[in-house]
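The values are calculated or read from the model by the stated rules, or taken from the named source; none is laboratory data. Here the structure is a predicted model, which means the values were calculated and not measured. Here Cβ is always computed from backbone atoms with ideal geometry, including for glycine, and neighbour counts include all displayed protein chains. In case anyone asks, the SASA skips ligands and DNA or RNA and just uses the protein heavy atoms, side chains included. Shrake-Rupley method; radii C 1.70, N 1.55, O 1.52, S 1.80 Å.
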Amino acid sequence: MAAGRIDMAAVEASLRDLQAEFPRINEFLQSPRDHLDDEVIFNLLAGYAFVDDVVSEGIDLLALGNLKHLLELNTIVLCGPDPAARRLNARHMAATAEHFWDTDGGGVRDIVEWHDRNRGESVWQRAAGVYIRILSEPQLYIEGNHRTGALVMSYLLVQAGQPPFVLTVENARGYFDPSTLITKTRKASLGMLFRMPKIRKSFAEYLKRHVDEKHLRRADDGRGEEPAAATASFG
């Protein structure tokens with residue numbers, strides 16, 4: 001199935017609905033999350049726009065030579081596209097880059113090697129597996145692993161012609177509670193060896209059920225170009 005383009009207006013509408021309901025959802029999560037403020041939403045939208053551009057340009061995020069784009073995706077999640085915000089966070093960005101490239105038993109090499117070994121799996125299994133490798137200890141990034149992981153999953157899904165994964169009011173609890181379990185598991189542990197295949201299968205099925213066609217514009221869907229207001233903020 002050919003890749004489409006992310007419908008940024010639909011993604012923003014879903015995230016804004018989630019933002020309004022998130023205080024209520026947070027009450028039922030095993031581990032409550034930080035509030036989804038406007039900056040978080042803005043940066044996530046910038047991340048989806050980045051994913052959309054990467055897919056449209058045919059860039060393989062998990063290929064050697066392109067891995068810097070995975071680091072950029074985390075920077076967008078945390079700082080947005082604003083150069084001034086990046087200058088203010090330069091030390092954190094440098095620490096994140098060192099962690100990303102050089103962490104023993106983790107880092108980006110672990111993600112790439114896992115994905116290369118599993119290229120024959122369905123996109124649902126690969127997206128779930130990469131997400132698990134990002135979140136499990138040691139995590140790929142110092143901060144923002146959940147949000148960046150959701151965007152990396154979206155990249156894999158859209159590249160394969162599926163809609164991106166977008167957090168919504170309906171799917172948030174099913175996303176956060178398994179993620180809490182994943183973050184408490186080390187990559188090189190017996191828990192990863194014995195529990196994670198089952199969790200990966202379950203999470204892959206969750207992704208299948210909770211992506212939504214409204215978040216993807218296909219070439220033949222008749223919706224035309226994205227409204228200018230939906231993407232103007234991202235240059």
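Check E137: other-chain or 5+ apart residues with amide H under 5 Å from its amide H, H built from backbone geometry?
Close amide H contacts, sequence-distant or interchain: T185, R186, K187.
First obtain the Kirkwood hydrodynamic radius of the stretch 1-78 from its Cα pairs, then insert it into the Stokes-Einstein equation at 25 °C and 0.890 mPa s, and state the resulting D in µm² per second as a whole number. Mind showing how you got there, number by number?
Working: Rh = 14.3 Å.
Value of D from the Cα-based Kirkwood radius: 172 µm²/s.
Okay, helix-only estimate at 222 nm for the chain: each DSSP H run of n ≥ 4 adds -39500 (n - 2.57), divide by all residues, round to 500 deg cm²/dmol; what do you get?
On the way: 11 runs with 145 residues, N = 235.
The per-residue figure over the chain is -19500 deg cm²/dmol.
Report the relative contact order of the stretch 6-128, percent, no decimals, based on alpha-carbon pairs under 8 angstrom and at least 6 residues apart. Each step should come with its number before you reach the end.
Working: 66 pairs, mean separation 23.5, N = 123.
This gives 19 percent for the stretch 6-128.
Mean Kyte-Doolittle of at least 0.0 and a Cα length of 24 Å or more along the axis: which whole DSSP H helices of the chain meet both?
On the way: long enough: 8-26 (25 Å, -0.04); 38-56 (27 Å, 0.95); 190-210 (29 Å, -0.42).
Going by DSSP H runs, the hits are 38-56.
Give the share of C-alpha pairs in each 10 angstrom bin for the stretch 96-173, from 0 to the last occupied bin, in whole percents, shortest bins first.
19, 49, 28, 4
Over the chain, give the accessible area per residue in Å² for a 1.4 Å probe, as an integer. Don't jump to the answer; show the numbers that get you there.
Numbers: 11390 Å² over 235 residues.
About 48 Å² of surface per residue is accessible.
Amide H of I6: which non-local residues (sequence gap of 5 or more, or other chain) have their own amide H closer than 5 Å, using H built in the peptide plane?
Those qualifying (amide H under 5 Å, at least 5 residues apart or on another chain) are R217.
Leaving ligands, DNA and RNA out of it, report the carbon-plus-sulfur percent of the accessible area of the chain at a 1.4 Å probe.
Numbers: 5840 of 11390 Å².
Looking at the chain in its full context, I get 51 percent from C and S.
Let me know the Rg and Dmax you get for the chain when you use only its Cα atoms, in Å.
That works out to 16.9, 50 Å for Rg and Dmax.
In whole percent, what relative contact order does the stretch 67-154 give with Cα contacts below 8 Å and a gap of six or more residues?
Values: 74 pairs, mean separation 29.1, N = 88.
About 33 percent, as a whole number.
Mind checking Rg over Rh on the stretch 11-145, alpha carbons, Kirkwood formula for Rh?
A ratio of 0.97.
Can you give me the long-range amide H partners of L62? Hydrogens built in the peptide plane at 1.01 Å from N, cutoff under 5 Å, separation of 5 or more residues or another chain.
The answer is none.
Positive end of the charge dipole of the chain (Lys, Arg +1 and Asp, Glu -1 on Cβ, about the Cα centre): tell me which of Q19, L73, V112 has its Cα farthest that way.
Positive-most Cα among the choices belongs to V112.
Could you tell me which residue out of H92, H215, L64 lies farthest along the dipole of the chain toward its positive end? Charges go on the beta carbon: Lys and Arg +1, Asp and Glu -1, centred on the Cα centre.
L64
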